[in-house]
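Each reported figure results from applying straightforward, stated rules to the coordinates on display, with no laboratory input. Since the model is a prediction, treat every value here as computed from it, not as a measurement. Heads up, the Cβs are rebuilt from the backbone with ideal geometry, glycines too, and the neighbour counts pull from every protein chain shown.
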Amino acid sequence: MKGRRKGIVLHDYFAFPGGAERLVVLLAKGLGPLDLCTGYIVSSEPVRASLEGLSVRDLGALSTVPLWRIILLERAFRAKTRFLSRYGTVVYSGYVAPLAVHHHRDGANILYCNSIPRFAYDLKEMFLASFPWWQRPVARLLAAYTKETYERAVGAMDRIIVNSRNIQNRLQRFIGLDSEVIYPPCETALFRWLGQDDYYLSTARVEKEKRVERIVRAFMKMPNKKLVVASGGNEWRRLKHLAQGRDNIRFT
């Protein structure tokens with residue numbers, strides 16, 4: 001259609017410069033540059049710096065209340081994305097952003113899937129247990145609603161790309177959808193093999209859903225094995241305190 005823009009990348013939110021966020025920025029810059037739309041942006045220097053040079057639309061769905069934040073995000077991508085009709089191609093990242101697909105019926109819709117919304121699938125019980133008992137009925141309804149709307153949205157995609165065989169298997173197992181693997185880019189020239197030391201390395205973001213606590217507890221039972229946790233996250237202080245006094249576990 002004459003006058004349409006080349007493309008735009010949609011991502012759930014930018015709360016920290018994580019792996020998915022870095023990939024989204026690479027996609028936006030490398031494929032265009034393309035415009036970028038997100039549910040909300042946390043005003044921190046690392047996040048702001050990562051978005052420099054891009055045209056970014058913020059849907060303003062930020063909230064400090066976990067359940068309300070998910071509701072705001074889902075509503076924002078469903079109701080505030082009519083502008084997508086001005087673009088030829090839309091690339092979706094995350095589990096909430098795909099809900100905007102119904103506003104882009106004329107053009108290519110591509111999902112780059114880093115993960116399904118696991119709180120609605122295999123991690124649902126852990127998700128529910130994180131809330132007080134009186135909030136769990138609402139959380140359960142939200143998980144069910146997210147599952148239904150997510151499956152409808154990804155089913156409308158023209159192409160589904162995943163970041164690994166693990167996510168490919170998960171998408172097939174829980175939703176029954178085929179996909180193709182395109183690994184995130186890595187600047188291999190920046191790295192070289194220097195040898196191997198006598199410790200194990202955890203680089204996963206220290207959040208509950210990443211289950212770094214399982215790794216820490218395992219090494220608490222293996223004092224002859226060394227662990228280095230080289231990442232941050234909301235669970236960092238708690239897990240560091242958990243491993244206090246264990247000389248074989250180090251947090252950086």
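Want the number for A15 to K225: 0.36 nm per residue separation, take away the alpha-carbon distance, what's left?
Difference between extended and current length: 72.2 nm.
Near K147, within a Cβ-to-Cβ distance under 15 Å, what is the net charge of the other residues, with Lys and Arg +1 and Asp and Glu -1?
So the environment of K147 carries a net charge of +1.
Based on Cβ point charges of +1 for Lys and Arg and -1 for Asp and Glu, what charge dipole magnitude is obtained for the stretch 159-252 about its Cα centre, in debye rounded to the nearest 20?
Roughly 420 debye for the stretch 159-252.
Would you mind checking which residues have amide H under 5 Å from F251's amide H? H placed 1.01 Å from N; only 5 or more apart, or other chain.
Amide H neighbours of F251, under 5 Å, 5+ apart: V229.
Could you grab the relative contact order for the stretch 40-123? Cα pairs under 8 Å, six or more apart, rounded to a whole percent.
22
Could you size up the charge dipole of the stretch 123-167 around its Cα centre, putting +1 on the beta carbon of Lys and Arg and -1 on that of Asp and Glu, and report it in debye to the nearest 20?
Result for the stretch 123-167 is approximately 80 debye, rounded to the nearest 20.
List, in the order given, every pair from K124/K147; K124/K210; K80/K210; K6/K29; K124/K240 whose Cα-Cα distance in the structure shown is over 19 Å.
Where the Cα-Cα span goes over 19 Å, the pairs concerned are K80/K210; K124/K240.
State the answer as a single residue: which of A79, F16, S179 lies farthest towards the positive end of the charge dipole of the chain, with beta carbon charges of +1 for Lys and Arg and -1 for Asp and Glu, about the Cα centre.
A79
For the stretch 80-113, list residues with backbone N below 19 Å from a point placed 7 Å from the Cα of V181 toward its Cβ?
111-113
With the dipole of the chain worked out from charges on the C-beta (+1 for Lys and Arg, -1 for Asp and Glu) around the Cα centre, which of V25, S130, L36 lies farthest toward the positive end?
S130
Once you charge only the Cβ atoms, +1 for Lys and Arg and -1 for Asp and Glu, what is the size of the charge dipole of the stretch 14-102 about its Cα centre, to the nearest 20 debye?
280
Summing Lys, Arg as +1 and Asp, Glu as -1, what charge do residues with Cβ under 9 Å from the Cβ of Q168 carry, Q168 excluded?
0
Just subtract the alpha-carbon distance of S43 and S130 from 0.36 nm times their residue separation and send over the number in nm, one decimal.
Residue separation times 0.36 nm, minus the Cα-Cα distance, leaves 28.7 nm.
Rounded to the nearest 0.05, what FRET efficiency do R5 and F191 give with R0 = 35 Å and r taken as the Cβ-Cβ distance? Could you check?
Using R0 = 35 Å, I get an efficiency of 0.45.
How high is the FRET efficiency between N166 and S63 when r is their beta carbon distance and R₀ equals 41 Å, given to the nearest 0.05?
0.85
Any idea how far apart R238 and R86 come out in nm if each label point goes 7 Å out from Cα toward Cβ?
The two pseudo-label positions are separated by 4.2 nm.
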